[in-house]
Every structure is written in C-alpha cells, then in structure tokens.
Amino acid sequence: MRIAVIGTGHIGATLGSKWRAAGHDVVYGARRDAGEGPWGAPLAAIGNAVQDAEVVVLAIPGGAVAAIAEECATALAGKTVVDATNNMGGAAPDSRAAITRAVPDVRYVRAFNTLGWENFADPLPGTALFFAAEASARQATEELIQAVGLEPAYVGGPDATGTVDALLPLWFELVKLNGGNRKVALRIVRG
C-alpha cells in the first residue's frame, strides 16, 4: 500500500517504520520542508504526501485535524483515512465529525489511538487492537494492524467509534495502576 503518515512523533514514526519494514510504501507528511523523515523515509509537505496515498494516517494532535482535513479535502476524497488522534479536552476524543464534514466520501477508520506507541514498537504477544472502520476499509486496516504485530479486533463501522474510544480511559487507568508502565495492553480470549 501507499501510505501517507501525517505526523512524525512517536505514534507516526513507529507505525510508519513498521509498515516500511512490512514492504509498504510510506511517506511522512509534515508542515516543514520536504526531506528525510523518521527512519529515512521520505518527508513531504502534507498536501503532497496525501496526493498519491491510498491510505492516510493522521497521527497529529487532535486539535489540528480539522484544518488538515479542510486543506486536503480534495486529495482525501474517496481514500481510507485512519484517525489515530485523540482530541483531549475536545467535544469527542476522535476527529470523525471534522474529517467527514470536510470530506463526506472519506472511508473513515478509528484505530491506533487506544494504546501508547510503546505497544506498537514492541507489541506484547496476542495484543488486540480494537478498531472501527467503513466496510470498504476493513481489509486494509486489518493488514496494517497485523503488520505492526497486533491482532485486529473489529468492533463495527464508523458508528462504533465511541466503542473504540471507550478503551482509551481504561488504558490510562491500567497504566496508572501499573505504576506508569505504558506496556499494558488488552487481548481477546475465546473459549
């Protein structure tokens, strides 16, 4: 897949490096000039990074998503957009409303927002990553989750975004109860 990762922080850099290692074509998008991004991947202006991507992953502060979605609305049309942001203190932790308002025909995915980046860099065996996605984006999302070393756990379409988001405060509490250890994850056990 051709993936544009918007954001070069811990989440974006870690996910992009995993996907490059799995053979995907990754470019990072940032506000600064083009050049070299994390782990030697190409870095481009956000609009240029999004233009040729099949999948766009937003790994930026939640408050910045609406402006990016509006700026890149034409380029995002019809693409799979993975919302890995958390809009802490906003009306909702996800940016679904801002993204779909700017790009009504986007294939929205809510994933990679309920665990710390450490769990992407070095996943614990059997760790589940819960996600919500448009039906047409589900297969690609599952492939991306597996490439990171996690088990995809589909909870439904975009209307299930709140279910995914409900796991974030649980993860925060588990981290606190474990003395700040962010290598805490969930897995599904079936009997």
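None of the figures in this text is laboratory data; all of them are computed from the coordinates on show. Just so we're clear, the structure is a prediction, and the values are computed from it rather than from any experiment. Using ideal geometry, Cβ is built from the backbone for each residue, glycine included, and neighbour counts are taken over all protein chains shown.
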Problem set entry | Neighbour-count ranking [beta-carbon atoms within 10 angstrom, fewest first] of Val155, Val55 | Val155, Val55
Seminar exercise, completed: Only helices counted: for the chain, with every DSSP H run of 4 or more residues adding -39500 (n - 2.57) and the sum spread over all residues, [θ] at 222 nm is -9000 deg cm²/dmol
Exercise. Using alpha-carbon pairs under 8 Å, 6+ residues apart, how would you state the relative contact order of the stretch 2-177 in percent?
Worked result: 18 percent
Problem set entry | Principal-axis tilt of helix 138-148 within the chain, Cα atoms, nearest 10 degrees | 70 degrees
For this session: Return the whole-Å distance between the Cα centroid of the stretch 122-181 and the Cα centroid of the stretch 3-27.
Result: 17 Å
For this session: Find how much the distance from Ala73 to Leu124 grows on full extension, using 0.36 nm per residue of separation minus their present alpha carbon separation; answer in nm with one decimal.
Result: 14.7 nm
Problem set entry | Cα principal axis extents for the chain, largest first, Å | 45, 34, 31
For this session: Relative to the longest principal axis of the C-alpha atoms of the chain, give the angle of the C-alpha long axis of helix 167-177, reported between 0 and 90° and rounded to the nearest 10°.
Result: 50 degrees
Problem set entry | Percent of beta bridges antiparallel (DSSP, the stretch 2-177, rounded to nearest 5) | 15 percent
